[in-house]
Amino acid sequence: MATSSGGLRSRRAEGYVHVARFGVPGPGSAEVLLPELTAGLEAGDTVVLACSSGLGTALRQRLPAEAVHTVDPALLSGRAPDALAGYTALLDRFTGTRVHLVTDSSGVHGAGVPAWLQTEALLNHVLADRAVDHYCVVDDRALGAAADQAMSCHPWVLAADGPVLNPTRRDPAEVLRSLWSAPEADPLEATRPTLEVEDVGSMRELRRALTSSLAGGPLDPAGAEDLVLAIDEVVANAAEHGVPPVDVRLWVTERRVLCVVADRGQGFDEPLAGYGPAHGDDLSVGGMGLWLARRAVDRMTTAPLENGDGCVVRLVVDPRG
């Protein structure tokens with residue numbers, strides 16, 4: 001059972017409060033959310049709806065129209081770095097007031113369930129100091145086996161009497177490790193690679209070879225260019241912080257693209273790194289490698305080499321129409 005803390009309505013919360021409401025994003029969930037949002041409006045806070053039409057319509061019918069801001073939920077979706085940038089940009093529009101934000105999981109399959117779970121976990125880290133009560137309606141029936149992971153991403157759960165602490169919540173870093181730990185090789189690695197470069201010497205030649213190998217594959221030109229940049233950043237990071245040689249293998253199939261970068265160093269275990277530019281928006285300062293790489297791929301995992309003597313980074317892109 002979740003642990004009661006008196007609910008948010010009985011106190012003025014500080015920082016980011018991430019609350020899950022498990023159920024269908026519709027009128028039933030709207031009824032449960034309504035007391036929280038009404039209390040926020042009475043306190044002079046701001047209500048922002050970034051949810052699907054069924055839930056949004058039900059809430060707008062019950063709240064004063066002039067007091068509710070509605071935004072496109074697509075602005076908060078996509079790969080985790082892009083989704084997090086969307087959340088930050090949205091909240092920047094409402095500085096000086098506490099925001100009561102409503103989202104739901106209806107668009108989870110756009111970028112994939114793992115990407116959505118990754119974002120939900122990272123919000124607790126990235127928005128920790130933001131004045132936000134975030135109510136996330138989670139359709140656990142649609143999520144299936146991922147419902148337990150979704151629960152672990154939310155420190156609070158919305159009960160009939162208000163939000164209560166969630167005893168199954170997990171630290172964001174722990175959630176990310178569970179999502180992206182990949183100690184075993186990808187099945188594609190048992191096949192012949194499209195490109196193989198051992199002991200990378202010239203970064204310019206590597207980029208040229210990658211671009212040529214990706215041409216005619218499932219990625220559009222912009223996606224291919226982004227992936228080349230991501231691989232370039234990972235290789236440069238391995239060359240600077242790892243132990244040579246640095247080897248690169250690339251598989252290009254009709255359905256997906258996989259790149260494996262290996263060096264003989266110890267690797268890194270920083271699951272929270274790379275989800276925002278290291279020095280703000282100035283890309284010329286440096287320290288942007290992981291951020292740029294994460295924005296360009298659907299999955300990036302790290303693991304020891306099979307013989308334990310080194311580290312391997314795997315970058316995967318699952319193209320969509």
Query raised in the report: In the Gaussian network model of the chain, springs joining C-alpha atoms below 10 Å, which of Glu31, Glu240, Glu14 carries the largest mean-square fluctuation?
Result: Glu240
Report task. Compute the length gained on full extension between Asp309 and Arg62: take 0.36 nm times their separation in residues and subtract their Cα-Cα distance, giving the result in nm to one decimal. Result -> 82.8 nm
Report summary line: The size of the Cβ-based charge dipole (Lys, Arg +1; Asp, Glu -1) of the chain about the Cα centre, to the nearest 20 debye, is 720
Report summary line: Residue-normalised 222 nm signal for the chain, counting each DSSP H run of n ≥ 4 as -39,500 (n - 2.57), nearest 500 deg cm²/dmol, is -10500 deg cm²/dmol
Requested in this report: Would you please give the FRET efficiency between His69 and Asp171, computed as 1/(1 + (r/R0)^6) with r the Cβ-Cβ distance and R0 = 41 Å, to the nearest 0.05?
Outcome: 0.85
Report task. Excluding Asp82 itself, calculate the net charge of residues whose Cβ lies under 11 Å from the Cβ of Asp82, where each Lys or Arg counts +1 and each Asp or Glu counts -1. Result -> +3
Report summary line: Sorted by chain and then number, the residues having a modelled amide H within less than 5 Å of the amide H of Thr70, at least 5 places away or on another chain, are Leu49
Query raised in the report: What number comes out for the charge environment of Val246, summing +1 per Lys or Arg and -1 per Asp or Glu over other residues with Cβ under 11 Å away?
Result: -4
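Only the coordinates and a few stated rules stand behind these numbers; no lab work does. None of the values given here were measured: they were computed from a predicted structure. In this analysis, Cβ positions are derived from the backbone assuming ideal geometry, glycine residues included, and neighbour counts consider all displayed protein chains.
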